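A short write-up of the structure that comes next.
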Amino acid sequence: MSGTRAGVETEDSAYDVAVIGYGPTGVTAANLLGAMGLRVVVLERDAEIFTRARAISTDEEVVRIWQRIGLAERLKQDMLTERPVEFVDAGGRTFLSAVPTPRGHGHPPQMFIYQPALEQVLRDGVDRYPNVKILLRHECLRLRQDADGVELTAVRTADDSVHRLRASYVIAADGGSSLTRAQLNIGYEGTTYEDRWVVIDTKMLKPWPDHDKLRFHCDPARPAVDCPTPLGHHRWEFPILPGDDEKQLTTEEAVYRLVSRYGISRDSIEVQRATVYSHHVRFATRFRMGRVFLAGDAAHAMPPWIGQGMAAGVRDAANLCWKLDAVLRGELPETVLDSYEAERKPHVKEVTKRAVFVGRIITERRLPVARVRNAAVRVLDRMPGLGDRLQDSKWIPEARYDAGLQTRPRTRATGHQIPQPWVTGPDGERVRLDDVLGGRWLLLRRGLPTAQPAWERPGVESLAVLPAGSRPSAGAVVDSEGVLLPWLTGHRAATVVLRPDAYVYAAAPAGSQLPPPPAGFAPAPQPATTTTQ
């Protein structure tokens, strides 16, 4: 601190980005921004990681984001992968069994997590970056924006001292009750469901049949979620029914009574905590106000049925951080930051619709309707083609962006994230594609090259895709798994322009010119970086 003013300590220099909140969204943002070399400060109200496991699963696209910061393989050590999902009727009979299907991001399609352990690994990752300053037990009380940045006034809860600092931009990832969102007077519209649920985290003392499956007990009398979590934990969730004593239902005696219906005895689990929460469907009316951006639960909340609440926040951070970096470095104009909401909000809304739909299937309380559901799904599951679609569990909408930072007119490829297979790099090593792409603007091409002066003049490099079996060479990757070339062909693209997040900005068929770069595009020369996983 450089000095005090009226009892307020002030910083002597501004940060590029201030992150408010140090949960999964905030800590992912801190890692991404730290890896980019930006000056970052993080403000977090609590002193320690929240010990209750909230999120219990994630997916391959999110792990692909963590791959960019070199933490994917370490995180996966603490995850359970590729577990089946079963929908079970009141009699314990399975009426639908779904198997997660890979979408081509290079990691298992679904992984169960223990959130406190996951957050610890991500926080340890931030420690690698001396350009990131972490201020725990600091709560942001006020934001004041001007033409040059944002002034943040924070209180250190240990001694109630007040601190003032500045940042060019702010990412508010301070949760569903976001004080930042309230300060900015941004609405948080939507619904809180009347049903409240008791969430029970346990330590597994000895295994029981099917303990490693995610089971939705679709019992009209009392639905239940029965979910394995790693590191010897298990999660149960039950609705609080009319006439239940909410406080009593969180006692150990009540918990053992609830799980005993499914054959779980006292010597099978140790109850660690039981708490009550409500399901929400809410969206901030805007994700951006000037230099302040809402992310994660501060921007949106959804029911937990398809495990996408935390994942949506991590996607927010990934979408926003590279754009902030590009603007701060002068590579793109400030107006590009409007594409954050244009890209993320529609996708979050679509994911939320799916979560609500799946939740209605699970929690149907009308017995006649539940009987029809069970019989109908069993019939559909046996139908050729349709049964396969029901079983592959592609309930999460692909994060294709129909608006935002991409060219017009659209092509089949624009707005899609390119798949990430294993490839053979120029040095002959087998690596994941993103480790070659290096988080930069890049031309990816197949077949004979067509000169693209509008992109080559600013210094955007080109990477050729060679068929499997080809000899590795400079400026090329070998499509060892036979994924990239069919994808490009299927999307009628001989050349695509990839953004730093591996989404397609523009595409062109063979022999054609690509649309020009975005207005104000001036990429700074930088070597490709790798985070081999």
> Any residue at all in segment 403-414 that is of a type in the set (D, E, K, R) and in contact with a Pro (Cβ under 6 Å, 6 or more places away or on another chain)?
Replying inline: no
> Of all residues in segment 400-435, which are crowded, with 22+ Cβ neighbours inside 10 Å, hydrophobic (A, V, I, L, M, F, W, C) and not in a strand (DSSP E or B)?
Replying inline: L405, A413, I418, L433
>> Take the conditions surrounded by fewer than 17 Cβ atoms within 10 Å (Cβ to Cβ) and touching a strand residue (DSSP E or B) at 6+ places or on another chain (Cβ under 7 Å) and apply them to G190. Does it pass?
In response: yes
>> Just to be sure before I move on: is G243 under 30 Å from L143 (Cα atoms) and open to solvent by 40 Å² or more (accessible area, probe 1.4 Å) in the structure I sent?
In response: no
>> Please go through segment 208-229 and give me each residue that is surrounded by 19 or more Cβ atoms within 10 Å (Cβ to Cβ) and under 23 Å from L80 (Cα atoms), ordered by number.
In response: L214, R215, F216, H217, A224, V225, D226, C227, P228, T229
>> Of all residues being more than 16 Å from the chain's Cα centre (by Cα) and of a type in the set (G, A, S) in segment 21-42, which is surrounded by the fewest Cβ atoms within 10 Å (Cβ to Cβ)? Just the residue, please.
In response: G37
>> If the requirement is being within 23 Å of R215 (Cα to Cα), acidic (D, E) and over 17 Å from the mean Cα position of the chain (by Cα), which of these qualifies: E82, E139?
In response: E82
>> Given the criteria surrounded by 24 or more Cβ atoms within 10 Å (Cβ to Cβ), in contact with a Pro (Cβ under 9 Å, 6 or more places away or on another chain) and farther than 27 Å from R83 by Cα, does L320 qualify?
In response: no
>> Condition first: over 23 Å from F112 (Cβ atoms) and open to solvent by 30 Å² or more (accessible area, probe 1.4 Å). Now tell me which residues in segment 266-308 satisfy that.
In response: R266, D267, R282, F283, T285, R286, R288, M289, G290, R291
>> Looking only at strands (runs of 3 or more DSSP E) that lie completely in segment 8-89, which have at least 2 residues being touching a residue at least 40 places away in the same chain (Cβ under 8 Å) and in contact with a Leu (Cβ under 7 Å, 6 or more places away or on another chain)?
In response: 15-20, 40-44, 85-88
> Can you tell me which of R45, R68 is surrounded by fewer than 21 Cβ atoms within 10 Å (Cβ to Cβ) and under 29 Å from L328 (Cα atoms)?
Replying inline: R45
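Yes/no matrix, rows are residues, columns are (1) in contact (Cβ under 8 Å) with a residue 60 or more places away in the chain; (2) buried (at least 18 other Cβ atoms within 10 Å of the Cβ); (3) within 24 Å of the chain's Cα centre (by Cα); (4) within 30 Å of K203 (Cα to Cα):
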| site | (1), (2), (3), (4) |
| --- | --- |
| E119 | yes, yes, yes, yes |
| L122 | yes, yes, yes, yes |
| G125 | yes, yes, yes, yes |
| L152 | yes, yes, no, no |
| R181 | yes, yes, yes, no |
> For segment 102-126, which residues satisfy the criterion of being within 15 Å of Q67 (Cβ to Cβ) and part of a helix (DSSP H, G or I)?
Replying inline: L118, V121, L122, G125
> Considering segment 175-212 alone, what residues qualify as being modelled with pLDDT of 90 or more and at positive phi?
Replying inline: G175, N185, G190
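For segment 345-383, what are the residues that are assigned to a helix (DSSP H, G or I), in contact with a Cys (Cβ under 9 Å, 6 or more places away or on another chain) and of a type outside the set (G, A, S)? Before the answer, list the steps.
We begin by selecting, within segment 345-383, every residue assigned to a helix (DSSP H, G or I); these are 345-362, 367-381.
Filter once more, so that each one left must be in contact with a Cys (Cβ under 9 Å, 6 or more places away or on another chain): 361-362, 370, 373-374.
If the condition is that a residue be assigned to a helix (DSSP H, G or I), in contact with a Cys (Cβ under 9 Å, 6 or more places away or on another chain) and of a type outside the set (G, A, S), then I361, I362, R373, N374 are the ones that fit.
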>> Being among the small types (G, A, S), over 25 Å from G104 (Cβ atoms) and without any contact (Cβ under 8 Å) to a residue 12 or more places away in the chain is the filter here; which residues of segment 447-481 pass it?
In response: A451
> Pick from segment 333-380 the residues that are touching a helix residue (DSSP H, G or I) at 6+ places or on another chain (Cβ under 6 Å) and open to solvent by 10 Å² or more (accessible area, probe 1.4 Å): which of them is modelled with the lowest pLDDT?
Replying inline: L380
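The values are calculated or read from the model by the stated rules, or taken from the named source; none is laboratory data. Computed from a prediction, not measured in an experiment: that's the story for all the values here. All Cβ positions, even for glycine, are placed from backbone atoms using ideal geometry, and neighbour counts span all protein chains on display. Surface areas here come from the heavy atoms of the whole protein model, side chains and all, with no ligands, DNA or RNA. Shrake-Rupley method; radii C 1.70, N 1.55, O 1.52, S 1.80 Å.
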